[in-house]
Amino acid sequence: MTGSGAHRRHRRVDLTRSSDRWAIVAIAIAALIALLIWSPNIGGRAPGDPAAVAADARIARCGGTAADAEFAFTIPRASDYFLYLPAMGRSPELDLDRPALVVIYREALAVAHFSTPAPSGAKPEPTPTPRPSNVRDLCVYVGKAGEGEINYFPDVSIAGLRATPDGPVLVAGPAT
């Protein structure tokens, strides 16, 4: 039967035909592009990777470098800190509608443990007490570098930490 009412016969993929080879290549490229779009971490940085904000001058203002940070990321409004750090507790000083940089340090940050300057010539050091595995020191710099406010928070639980409000939880554990 010929014409518009005819059914097309299904043919098998034959890799000896160049049209079939190009169709397979096109499908593979489309699948790779789709994977990259829906999985931004492939070939990119992990959420909260300090390298993503390493050039941000606010990291130095917090008293460290991207190499010192375990996690670092920006948030559009400081007042939404609880979406990113649900176990942190209430911090009224962050109730501001300005963007912020959150830096979470691997090791205790000396400046976060001292509210008064150390005696002349003495270098402040954090008290060497064991901490739970999900407790860190952090700095939240609110505003632009040089024009913002530095906020240090020692011994904060980072359980439930997210680098994006709807992203994956980066640190598991009880929200204590």
Going through segment 11-29 in order, the residues found to be open to solvent by less than 100 Å² (accessible area, probe 1.4 Å) and either on the phi > 0 side of the Ramachandran plot or not hydroxyl-bearing (Ser, Thr, Tyr) (or both) are ASP14, ARG17, ASP20, ALA23, ILE24, VAL25, ALA26, ALA28, ILE29
Exception for ASP137 within (1) under 19 Å from SER157 (Cβ atoms); (2) modelled with pLDDT under 90 falls at (2)
query: Just a yes or no: is a residue in segment 68-81 assigned to a loop (DSSP other than H, G, I, E, B), touching an Asp or Glu at 6+ places or on another chain (Cβ under 9 Å) and surrounded by 15 or more Cβ atoms within 10 Å (Cβ to Cβ)?
result: yes
Check: Scanning for something in contact with a strand residue (DSSP E or B) (Cβ under 8 Å, 6 or more places away or on another chain), in a helix (DSSP H, G or I), of a type in the set (Asp, Glu) and at pLDDT 85 or above, does segment 41-59 turn up at least one residue?
Finding: no
Cβ pairs under 8 Å, 6+ apart or interchain, first in segment 7-20 and in a loop (DSSP other than H, G, I, E, B), second open to solvent by 100 Å² or more (accessible area, probe 1.4 Å) and modelled with pLDDT of 85 or more, ordered by first then second residue, are LEU15/ARG21
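The values are calculated or read from the model by the stated rules, or taken from the named source; none is laboratory data. Given the structure is predicted, the values throughout are model-derived calculations rather than measurements. A quick note on method: Cβ atoms are made from the backbone with ideal geometry, for glycine too, and the neighbour counts reach across all protein chains shown. What goes into the accessible areas is simple: the full protein's heavy atoms, side chains included, and nothing from ligands, DNA or RNA. Shrake-Rupley method; radii C 1.70, N 1.55, O 1.52, S 1.80 Å.
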